Amino acid sequence: MSAAPHLVISGVSKRFGAATVLDRVDLTIRRGELVTLLGPSGCGKTTLLRAIAGLAPPDGGTIALAGRDVTHVPPHRRNVGVVFQSYALFPHLTVAGNVAFGLKVRGAPKAEIDRAVERALSLVKLGHLGSRRISALSGGQQQRVALARAIAVEPDVLLFDEALSALDRKLREEMQVELRRLLQEVKATAIFVTHDQDEALTMSDRVAVMNKGRIEQLAEPRELYARPASLFALNFVGLSTRIAGQVVGGSNGTVEVVTPVGRLSARGAFQPGASVIVATRPEQLRLGTGDGANSAAGRVRSVVFQGSRTLVDVDAGAGASLLAELSGREAELPRVHDEVRFAWPVAETFAFAAEAS
Amino acid sequence: MTDAVLPAPIVKAAPDRERLAAFGFVAPSVLIIALVFVLPLALLLGVSVLDPKGGVTVAHYARLLGTPYYLGVIWNSLRLGLLTTLIAFLISYPAAFALARARGALRSILLATLFLPLAASVIVKAFAWTILLRSDGLINTVLIAVGIIEDPIRMIFTQTALIVGAVNIFLPFMVLPIYAVVAQLDGRYAEAAATLGASPLVVFFRVILPLTLPGIIAGVALVFSLSVSAYVVPTLLIGEKYPTLATTIAKAYLLAREPGFGAAAGVVLLAIAIIVVALSAMLSREPK
Ligand SMILES: Nc1ncnc2c1ncn2[C@@H]1O[C@H](COP(=O)(O)OP(=O)(O)OP(=O)(O)O)[C@@H](O)[C@H]1O
Ligand SMILES: [Mg+2]
């Protein structure tokens, strides 16, 4: 993967009436990279994608694609591929007719079109269905025709808007893996919109977490999970234990926080007196009282067995709760109503400013 | 990953007894259709070839297709049908999009202006046009009063009056079927086509037009068959100068007492309507 910026979005804003749907979004994507836009419903993911495609020009900011400023270029001169949630396959054309459409309107010679159609259809494993009507395809097949149609023109960037959400869960999980393999095979640069965090973590090189028209964090899946940049990012990706408290001191990027479950140390820089949320991931919690670690005690509220792991929810008193993920092999799993003590490393404990709400 | 397998058709060959039962259910409607539509047609065909003196004759058809006058009559009907259909289509197609795009009260008002005239009889509407177009009619009176013209313009009993009236009267039958299709059209198709490199013009001809064809065909079929066989409209708006198959049929039955000739003209009219409607449906097929 080369490091050259391929798609550069700077300061893109979009308003619908009084509502600011995109608020000065910056996003740079490298050639061949697969980036996911992850965020709750209404945060502006589709709007950003449509701005990139040219279907909804932004009110402010610029978009550059493959070294060309395309901010005011109409969609048909942008060379982007879009896979819509509803697929939008042309019902009056066959499978092959749909895939050929982009090349036909570009006036490519017939032999070249045939070759490209065959290649695109075989990439999505639909080589034998070229002459089918769209209405005679299953949902999964339609999804792949939509993909073949988009990649047949070799776009500079492929945009997927919740492209898998219409499929049932099993098919969706298969497609996630297959799609990632396929996109790497054709060396596509792609943006994937989803509000499914598992899909985001599975599919992408980097994830952009969006909230209220802004990108809160742009990071690789591992880093996003292990080092969330904000309370929103923490909440949106994965499970966590969160305890509210007040900063009483600290140094060197570590703060001391007084909480209902006792004094805890966390990474972060806050002035004494600040209201913060102290958080950690469930798999950091271990039974016992680790040395020099954070620890808290409580009564087990529920134990949920999930195969290779077990989730333990502990009532730590004063409205605080601890969520621990223990591996299935752990010798003695606690039972409901047991009194337990958990410890977790300070290095994996974060402090975030408590949201004023 | 394997392809999702399409379910096999669930309709199996029904046992004879079930088929018999199914036939029992549709039999009444088949009977009614036969009585109401097929029987009169058969009668019409029969009368057109039966010689009152006994035997079978094609004399009526020979007269229709062999006389320059009657060929002119056929051409008049065809012209009326084609021109009305073409102009109605050119007006209706953009109108249907405007209608589909309109929101709220505006849409209701526009739809009402289309639907309400359907409640009035054709005769009333044709007369309304004569009132507008007469030499002492509304348009001439206003134009003279305002001083734009000095002498009344001759508008009634011209071909222009005929076509304008026919288009106006049959317009809803073109707009409504097209509107029904356009209103259902998913805007994503045009967007998908644009992202694939199609300019707005290409989007229109390769996506919008083919997807709205079913509505166009329905509208063309309706308006052509209505206007090619229109009787009241040419009678009131142009009269004797423009004999059509429909007015010829009426004359044959009412004045000349030639039912055989009238029936033959009826068959020719029907054949024209069927051929044009079938042709338009065939031409509209997406070429492979
Ligand atoms: N054409 C429009 N006119 C007015 N408001 C719009 C329009 N399109 C989007 N919005 C608003 O902009 C906001 C963001 O919409 P957008 O479709 O980008 O959200 P999203 O992140 O894709 O959500 P979802 O996950 O539900 O698809 C929403 O509040 C939506 O109501
Ligand atoms: Mg969306």
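Checking each residue in region B:187-214 for being facing chain A (nearest Cβ under 7 Å) and either touching a residue at least 40 places away in the same chain (Cβ under 8 Å) or surrounded by fewer than 16 Cβ atoms within 10 Å (Cβ to Cβ) (or both) picks out B:199, B:210.
Only residues that are more than 13 Å from ligand 1 (Cβ to nearest atom), small (Gly, Ala, Ser) and outside any loop (DSSP other than H, G, I, E, B) were counted in region A:1-28, giving 2.
Looking at region A:66-78 only, could you name the residues that are part of a loop (DSSP other than H, G, I, E, B), more than 15 Å from residue A:154 (Cβ to Cβ) and away from chain B (no Cβ under 12 Å)? Of everything in region A:66-78, those that are part of a loop (DSSP other than H, G, I, E, B), more than 15 Å from residue A:154 (Cβ to Cβ) and away from chain B (no Cβ under 12 Å) turn out to be A:67, A:70, A:71, A:72.
If the condition is being more than 10 Å from ligand 2 (Cβ to nearest atom) and free of Cβ contacts under 8 Å to residues at least 12 places away in the same chain, then region A:38-74 contributes A:67, A:68, A:69.
Would you say residue B:165 is at pLDDT below 95, crowded, with 22+ Cβ neighbours inside 10 Å and away from every other protein chain (no Cβ under 14 Å)? So residue B:165 fits the description; yes. Just so you know, in region A:230-243 the residues that are open to solvent by 60 Å² or more (accessible area, probe 1.4 Å) and in contact (Cβ under 8 Å) with a residue 12 or more places away in the chain include one that is nearest to the chain's Cα centre (by Cα), and it is A:239.
Counting only strands (runs of 3 or more DSSP E) that fall entirely inside region A:121-226 and contain at least 1 residues that are open to solvent by 20 Å² or more (accessible area, probe 1.4 Å), the qualifying elements are A:157-161, A:206-211, A:214-219.
So that you can scan it fast, the table gives a plain yes or no per residue for (1) outside any loop (DSSP other than H, G, I, E, B); (2) β-branched (Val, Ile, Thr); (3) open to solvent by 30 Å² or more (accessible area, probe 1.4 Å):
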site: A:273; (1), (2), (3): no, no, yes
site: A:276; (1), (2), (3): yes, yes, no
site: A:279; (1), (2), (3): yes, no, no
site: A:289; (1), (2), (3): no, yes, yes
site: A:302; (1), (2), (3): yes, no, yes
site: A:307; (1), (2), (3): no, no, yes
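Within region A:1-30, restricting attention to residues that are among the basic types (Lys, Arg) and either touching a Pro at 6+ places or on another chain (Cβ under 8 Å) or within 16 Å of ligand 2 (Cβ to nearest atom) (or both), the residue that is farthest from residue A:159 (Cα to Cα) is A:14. If you go through region A:29-40 and keep only what is surrounded by fewer than 18 Cβ atoms within 10 Å (Cβ to Cβ), away from ligand 1 (no atom under 16 Å from the Cβ) and not in a strand (DSSP E or B), you end up with A:31, A:32.
One residue alone among A:297, A:274, A:343 is assigned by TED's automatic domain parsing to the domain that holds residue A:248, touching a residue at least 40 places away in the same chain (Cβ under 8 Å) and under 28 Å from residue A:222 (Cβ atoms), and that residue is A:343.
From the list B:183, B:198, B:230, the lone residue that is part of a helix (DSSP H, G or I) and of a type in the set (A, V, I, L, M, F, W, C) is B:183.
The C-beta contact set for region B:44-63 (first residue closer than 11 Å to residue B:264 by Cα, second residue open to solvent by 60 Å² or more (accessible area, probe 1.4 Å) and in a helix (DSSP H, G or I), distance under 7 angstrom, 6+ apart or interchain) comprises B:47/B:259. What are the residues in region A:41-58 that are within 23 Å of residue A:77 (Cβ to Cβ), touching a strand residue (DSSP E or B) at 6+ places or on another chain (Cβ under 7 Å) and not in a loop (DSSP other than H, G, I, E, B), if any? Correct list: A:46, A:47, A:48, A:49, A:51, A:52, A:53. Starting from residues that are more than 25 Å from the chain's Cα centre (by Cα) and open to solvent by 60 Å² or more (accessible area, probe 1.4 Å), keep the ones in region A:41-88 and report whichever is farthest from ligand 1 (Cβ to nearest atom). Among those residues, the one meeting the criterion is A:67. Restricting B:116, B:80 to those that are without any contact (Cβ under 8 Å) to a residue 40 or more places away in the chain and on the phi < 0 side of the Ramachandran plot reduces the list to B:116.
Filtering region A:158-195 to residues that are more than 15 Å from the chain's Cα centre (by Cα), within 11 Å of chain B (Cβ to nearest Cβ) and touching a residue at least 60 places away in the same chain (Cβ under 8 Å) leaves only A:158.
Checked against (1) in contact (Cβ under 8 Å) with a residue 60 or more places away in the chain; (2) within 16 Å of ligand 2 (Cβ to nearest atom); (3) facing chain B (nearest Cβ under 10 Å), residue A:81 meets all criteria but (2).
The values are calculated or read from the model by the stated rules, or taken from the named source; none is laboratory data. In this text the structure is predicted, and so the values were computed from the model without any measurement. Because the Cβ atoms are built from the backbone with ideal geometry, glycine has one as well, and the counts that use them run over all protein chains shown. In case anyone asks, the SASA skips ligands and DNA or RNA and just uses the protein heavy atoms, side chains included. Shrake-Rupley method; radii C 1.70, N 1.55, O 1.52, S 1.80 Å.
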